[in-house]
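Participant: The structure follows.
Any read-out appearing in this document is the output of simple, stated calculations on the displayed coordinates, not a laboratory observation. No experiment lies behind these values; they were computed from the predicted model shown. A quick note on method: Cβ atoms are made from the backbone with ideal geometry, for glycine too, and the neighbour counts reach across all protein chains shown.
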Amino acid sequence: MSDTMTPQRYGSNAGQPLTRRDGLAKVTGTATFAADNTPEGLLYAVYVPAAIARGRVVHLNVEAATAVAGVTHVMTPQNRPPLQGDPEAKPNGFSFIVDVLQNDGVRYAGQPIALVVGETLEAATEGARLLAPRYEVADSETTLAGQGGEAVEPGAFGRPGGAEHGDVPAGHAAAVSAIDVVYETPAQYHNAMETHAVVAAWDGDRLHLDLPSQALSLSCASYAYFFGIPADNVTIRCPYIGGGFGSKAFPTGPQVLAILAARTAGRPVKLMLTRAQMFGPVGHRGATRQRLRLGIDGGAALTVLDHEGTAATSRFDDFIEPAANASQGLYAAEALRSAHRAVRLDVGTPGPMRAPGEASGSAALECAMDEMALLAGLDPLKFRLRNYAEVEPGTGKPYSSKALRACYAEGAKRFGWADRPMEPGRMRDARGLLTGWGMGTALFGCPMFEAEATATLRADGSALVETSAIDMGQGAWTALAQIAADSLGLPMDRVEFRAGHSSLPNAGIAGGSGHTATAGGALHAAGRDAIRKLGEIAAADPDSPLHGSGNADFTARDGRLYVAGDDSRSEDFAAILSRAGAVDLTGAGSASRPAADAEAHAMNSHGAVFAEVKVDPDLCQVRVTRLVGAFAAGRIINPRLTESQLMGGMIWGISFALHEEAKHDPRSGRIMNADLAGYHVPVNADVRGLEVLTIHEDDPYVNALGIKGVGEIGVTGTVGAIANAIWHATGKRARRFPIRIEDLLD
Amino acid sequence: MKRFDFVQPASVAEALQVWHPGAVWLGGGTNLLDLMKGGVMLPDTVIDINRLADLRGITTLDDGSLRIGALVSNAELADDTGFAHDFPMVAEALLSGASGQLRNAATVAGNLMQRTRCAYFQDTTAACNRREPGTGCDARGGVDSHTAVLGFGDACITTHPSDFCVPLAALDAVVEVQGPDGAREVALRDFHLLPGETPERETALQPGEIIVALRLPADAKGFAAHARYLKVRDRTSYAFATTSAAAALRVEGGVIAEARLSLGAIAAKPWRVTEAEALLVGHAPDAAPFDQAAARALDGAVPSNDNGWKIALARRTAIRALELAAAGTPERMPALPASPFADQNGDHAHV
């Protein structure tokens, strides 16, 4: 791979603010989500969640459950048929240990302890109720509560490493001014609009699943593992996902149990989690306690940025929220340390949740930076600019691109940041509400995974493109179709786009904000391959105007093939293919990031978020009234969808700052607010004055298309900006999220 | 879910006749159906009263009082222009509750009958004297969830979640009831019961009785020019109150002739202390001792859980509601009714 790739100049489809291809189907209710499927002979499964966090089940009233008319089967640890794959092991490195009735033990509240299957959902639900479990209860711990935890041995997925650059003790010693603060973030649960679901149907040793999955190929392999069949025997149909946020990338216990029930019954089985059941066996963002020690020299330059994150994980598996890593790669500290510790609790295993690590780490870091700026006597933005990293801190690597300065400048201008008084509590609106302004820097990596795609030119000059890409609602299929159409030089309506099925070429994982870059890269390569092959046919065809163009390059535009740089020589796709025997012509492509490119540069999306909050001076109710985010994220394929993704991330930031928190009963360990009445997320009235700016950025290194990804970065920066604005309004520094009325009352 | 019989009587008399222990009345169903799905309520018979035309309609009676049928929806009542004009703080309270969809379905009688939102009541695996007498109260020492600072006892520490009932209590609303033994009336202030030793008894309704209407007395209209409801919460909309207050003043010749103050979300019933109201009488509205009145209203408040902060917040909520009432009822319903952010421009109405 060359040192720099010349980004493809697109002009026809990419860059256009197209609406979602699936939008109409979704708003009219015709989009078929997994649980909308009702195959003939369907049975319904309902699982019973454990009501304690630790102990064992000593009795289930199976007789009562079985006696309910319509209940066909009650699965418990006593009669659960064997699985071929050990649930205490993992199908692959990118998965978690699942609870599938392997014994009578309970290791977190919400763990499945029985599965009831019935002819109707109502019968299965009543059977599940009547099981009335009795427990032998052991003492449990479900909150971090000041525990020190154990150092994390880095390595496998879920066990983040740390980093240390420069002389950290010297950095502390050199500081003329320093802070040592602890920030806490709570357990948060994904709560996608669509809860986890599966409709499983067996045909001999072949398994068909309707199942929302962010990683189709990997999911096939994982489910195959549990049932001892080849991965090729599993197909997953996944045309729509009602939100994933990281929780739908892995097999979960309830889904495995439903598939097992289908095999046992010899009939298709449907299972859809209730909202309450989302709080336990399908992952969450683990609680963190983060200690940040920052020091500056006389010129307000950071001598040290020392970030230690302690995060909760389960007793039996690892996902330690990599919060401290948010402090890597952002500010130019002389010495830099990030480290992680884990506390084992009687909770379900956490997992990746939108901006895992970056969200919680950025929340703490951006507040700590504000606290440091105050001591430095500098405006928070000036302090960040004073510590702007021109190269990646610690490694000294150049950035593949970094338009963060422009993000700061444009965002600040749009927001009106220059008018901000330094002192807190100085601004009141006409009604006397305290008004505060805060900001935060946004940072997110831009990983690429591996993907494959095919592009087939049909005899009529139209095309079919295929990849197993999935759309979680973010509009991936629209953006990807735009890339595919451009790679073929066709308008959108001449391209049939097929995705969302595991039988298609593997599009990899929709995660890490890398799906558009990765699957898009594969589609781009496939389209280019098809055009190259078409060029070979035309060049060899004496009847084509392109005949004899030899090894010249070809370009495709609006269904015609041109000799590069010579518009006088061109021909329609259909004409070329027609003379070649009217055959379909298929190109194949794949995408991944060359190791050398990844090694040579630091690659990130960047942004700056500015927040205004109003706080009632007596009642301390808080409202975010303006939120301006400026982001530089490489090439923007679809501005409308990008804006929507970034807004969604920023709204998530409001949610993190002010709303979300799972509350465990201190005795039972159960989450007591496991519904959307108790577990708050913002409603429309909480979201106003939201504005997104995208800053132009050419990146010749990240990938051929120059795409960085926008799915998660909006969360980062925003949480800190809001918390800092609350401080600026009230003079009160809350160091625990979410920030609530009682935290601000005198 | 548990199977149940579903009956749709054609008259109140028939409804009363089919009732038996284990049967429930179904109005809007916005609370009952959730509780049935969660296994919190397991009726053997659901009596759908939605066909009872006698329970509908908003009418002004000869004595000037207003009679509101039990099945009038929250939205229908709040959107009735005459009602909002005469009883603005009641309309404001209604519009600050739930969402547009829920307000369309929920009924005024159902609002009185709604159960507590305490997480331990709704979790069938927790101990709850209100749900299952004698099992205990896991809310004590548990995660704070809609807990009281007044009027609670060892057996139960929860609150009543209604917004609507708070101004109703302030305005001396009356509940019209029919039962096997005939019709009777209960003052709204006496309708909800403090838990005492029998938290499972939540209202003054006797078994088999049904609410047929609410009545607001004619003199309650006298407060229309100075009446506000204020609701404090961690989310701008679609959340139960953390604290709330309904405040109403009748001003004559520049002084407060009569005052009403009722507090929500701090006890198992709307909390009204007439002695606190009396402290305001005779003062100019802009110089009234709101602080003393609020303090008096919260006399005896103590934490029931990790919720001591609620006492100060409730006091401040009461003061602010009185200040807002003194400033005068706004000409138009604020876009965000009852919100401390009610006056911000650009909000969509009644979110």
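Participant: What is the mean number of Cβ atoms from other protein chains located within 10 Å of the Cβ atom of each residue in peptide A:670-680, rounded to a whole number? Can you show the working numbers first?
Facilitator: Values: counts 8, 3, 12, 3, 3, 4, 1, 7, 8, 0, 5.
Mean number of neighbouring Cβ atoms from other chains: 5.
Participant: Counting pairwise Cα distances across the protein assembly as shown, what percent come out greater than 55 angstrom?
Facilitator: Values: 133130 of 601156 pairs.
So the portion of pairs separated by more than 55 Å is 22 percent.
Participant: What's the local net charge at A:S327, with K and R +1, D and E -1, over the other residues with C-beta under 12 Å away? Working shown, then result.
Facilitator: Values: positive: A:R291, A:R293, A:R337; negative: A:E164, A:D306, A:E308, A:E358, A:E366.
After counting each charged neighbour, the total is -2.
Participant: What range in chain B is the longest one free of GluC sites (Glu not before Pro) that are in a loop by DSSP and have at most 13 other Cβ atoms within 10 angstrom?
Facilitator: On the way: sites that count: B:E197, B:E331.
It runs B:1-196.
Participant: Moving on to the next point. Compactness ratio of the range B:5-51: Cα Rg over 2.2 N^0.38 Å, N = residue count?
Facilitator: Values: Rg = 10.5 Å, N = 47, 2.2 N^0.38 = 9.5 Å.
Ratio of Cα Rg to 2.2 N^0.38 Å: 1.10.
Participant: Counting helices only, and only those DSSP H runs with n ≥ 4, report the 222 nm mean residue ellipticity of the protein assembly as shown as the sum of -39,500 (n - 2.57) divided by its residues, in deg cm²/dmol to the nearest 500. Let's see the in-between values first.
Facilitator: Details: 29 runs with 270 residues, N = 1097.
Rounded to the nearest 500, the figure is -7000 deg cm²/dmol.
Participant: From zero outward in steps of 10 Å, how is the percent of C-alpha pairs of the range A:668-746 spread across the bins?
Facilitator: Taking all Cα pairs of the range A:668-746, the binned fractions are 12, 30, 30, 18, 9, 1 percent.
Participant: Along the range A:529-539, what does the Karplus equation 6.51 cos²θ - 1.76 cosθ + 1.60 (θ = phi - 60°) give for ³J(HN,Hα), rounded to whole Hz, x for Gly and Pro?
Facilitator: Residue by residue, the range A:529-539 yields 5, 4, 5, 4, 5, 4, x, 4, 5, 5, 5 Hz.
Participant: Among residues other than B:A267 whose Cβ falls under 13 Å from its Cβ, what is the net charge (Lys/Arg +1, Asp/Glu -1)?
Facilitator: Numbers: positive: B:R189, B:K269, B:R272, B:K310; negative: B:E202, B:D299.
Counting the neighbours of B:A267, the net charge comes to +2.
Participant: Which log10 I(q)/I(0) values, to two decimals, does the range A:519-571 give at q = 0.17, 0.18, 0.19, 0.27 Å⁻¹ under the Debye formula with one point per Cα?
Facilitator: Debye intensities relative to I(0), on a log10 scale: -0.48, -0.53, -0.58, -1.02.
Participant: From the C-alpha coordinates alone, can you work out the Kirkwood hydrodynamic radius of the range A:554-683, in Å? The partial results should precede the final answer.
Facilitator: Details: mean 1/r = 0.0467 Å⁻¹.
Averaging 1/r across every pair of different Cα atoms and inverting gives 21.4 Å.
Participant: Taking only the alpha-carbon positions of the range B:220-327 and ignoring solvent, what does the Debye formula give for the base-10 log of I(q)/I(0) at q = 0.14, 0.15, 0.24 Å⁻¹?
Facilitator: Debye curve over Cα of the range B:220-327, log10 I(q)/I(0) at q = 0.14, 0.15, 0.24 Å⁻¹: -0.51, -0.58, -1.29.
Participant: Each residue of the range A:252-263 in turn: what ³J(HN,Hα) in whole Hz from Karplus with 6.51, -1.76, 1.60 and θ = phi - 60°, glycine and Pro shown as x?
Facilitator: 10, x, x, 5, 4, 5, 5, 5, 5, 5, 5, 5
Participant: Which FRET efficiency value, to the nearest 0.05, is calculated for A:E122 and A:F157 with the Förster distance at 41 angstrom and r the Cβ-Cβ distance?
Facilitator: Working: r = 40 Å, r/R0 = 0.97.
E(calc), rounded to 0.05, equals 0.55.
Participant: Can you pull the mean other chain C-beta count within 10 Å for peptide B:232-244?
Facilitator: 6
Participant: Take A:N79, project a point 7 Å from its Cα along the Cβ direction, then tell me which residues of the range A:50-68 have their backbone nitrogen under 18 Å from it.
Facilitator: Within reach of a label on A:N79, which here means backbone N under 18 Å from a point 7 Å along Cα→Cβ, the range A:50-68 contributes A:58-68.
Participant: Give the value in nm², to one decimal: projected area of the alpha carbon convex hull of the range B:1-139, averaged over all directions. Can you show the working numbers first?
Facilitator: Details: hull surface 40.6 nm².
Averaged projected hull area, Cα only: 10.1 nm².
Participant: Here's another thing I want to ask about it. Compute the FRET efficiency between A:K732 and B:D219 as 1/(1 + (r/R0)^6), taking r as their Cβ-Cβ distance and R0 = 41 Å, and round to the nearest 0.05. Walk me through the intermediate numbers first.
Facilitator: Numbers: r = 45 Å, r/R0 = 1.09.
It comes to 0.40.
Participant: Need one number: % antiparallel among DSSP beta bridges in the protein assembly as shown, to the nearest 5. The partial results should precede the final answer.
Facilitator: On the way: 136 of 172 bridges.
So the antiparallel bridges in the protein assembly as shown amount to around 80 percent.
Participant: Let me see the P(r) profile for the range A:34-193: every Cα-Cα distance counted, bins of 5 Å, each bin given as a percent of all pairs.
Facilitator: For the range A:34-193, the pair-distance distribution reads 1, 7, 11, 12, 15, 15, 11, 7, 6, 5, 3, 3, 3, 1, 0, 0.
Participant: Okay, next question. Between A:D584 and A:E599, what is the label-to-label distance in nm when each label sits 7 Å out along the Cα-to-Cβ direction?
Facilitator: Each label point is offset 7 Å from its Cα along the Cβ direction, giving 4.1 nm.
Participant: Highest first, please rank the peptides B:235-242, A:705-712 by the mean number of other Cβ atoms sitting within 10 Å of their residues. All intermediate terms of the calculation are to be shown ahead of the outcome.
Facilitator: Working: B:235-242: 22.5, A:705-712: 27.2.
Going by the mean number of other Cβ atoms within 10 Å, highest first, we get A:705-712, B:235-242.
Participant: Compactness ratio of the range A:612-746: Cα Rg over 2.2 N^0.38 Å, N = residue count?
Facilitator: Numbers: Rg = 17.5 Å, N = 135, 2.2 N^0.38 = 14.2 Å.
Against the compact-globule rule of thumb, the ratio is 1.23.
Participant: Continuing with this model, one more query. Using only the alpha-carbon atoms of the range B:143-268 as identical scatterers, what base-10 log of I(q)/I(0) does the Debye formula give at q = 0.17, 0.21 Å⁻¹?
Facilitator: -0.99, -1.22
Participant: From the P(r) of the range A:36-90, could you give the percentage of C-alpha pairs in the tail past 13 Å?
Facilitator: Numbers: 1109 of 1485 pairs.
Cα-Cα pairs of the range A:36-90 separated by over 13 Å account for 75 percent.
Participant: Take every Cα-Cα distance within the range A:307-360, group them into 5 Å bins from 0 onward, and report for each bin the whole-number percent of pairs it holds.
Facilitator: So the P(r) values, bin by bin, are 4, 21, 25, 22, 14, 7, 4, 2.
Participant: Now a separate question. For B:R272, list long-range residues whose amide hydrogen, built 1.01 Å from N in the peptide plane, is under 5 Å from its own amide hydrogen.
Facilitator: B:L263
Participant: Compute the Rg/Rh shape ratio of chain B: radius of gyration over Kirkwood radius, all on alpha-carbon atoms.
Facilitator: On the way: Rg = 19.6 Å, Rh = 20.5 Å.
Using Cα coordinates only, the ratio equals 0.96.
Participant: For peptide A:616-625, compute the average count of partner chain beta-carbon atoms within 10 Å of each residue's beta-carbon.
Facilitator: Values: counts 6, 2, 10, 11, 7, 11, 5, 7, 1, 3.
Mean shielding count: 6.
Participant: Could you go through the range A:407-415 in sequence order and give the Karplus-derived ³J(HN,Hα) for each residue, using 6.51 cos²θ - 1.76 cosθ + 1.60 with θ = phi - 60°, rounded to whole Hz, and x for Gly and Pro?
Facilitator: Computed from phi, the couplings for the range A:407-415 are 4, 4, 5, 5, x, 5, 5, 4, 6 Hz.
Participant: Can you give the local net charge around B:P43? Use residues other than it whose beta-carbon is closer than 11 angstrom to its beta-carbon, Lys and Arg +1, Asp and Glu -1. If you can, show how the numbers build up before the last one.
Facilitator: Values: positive: B:K2, B:R3; negative: B:D5, B:D44.
Once all neighbours under 11 Å are counted, the net charge is 0.
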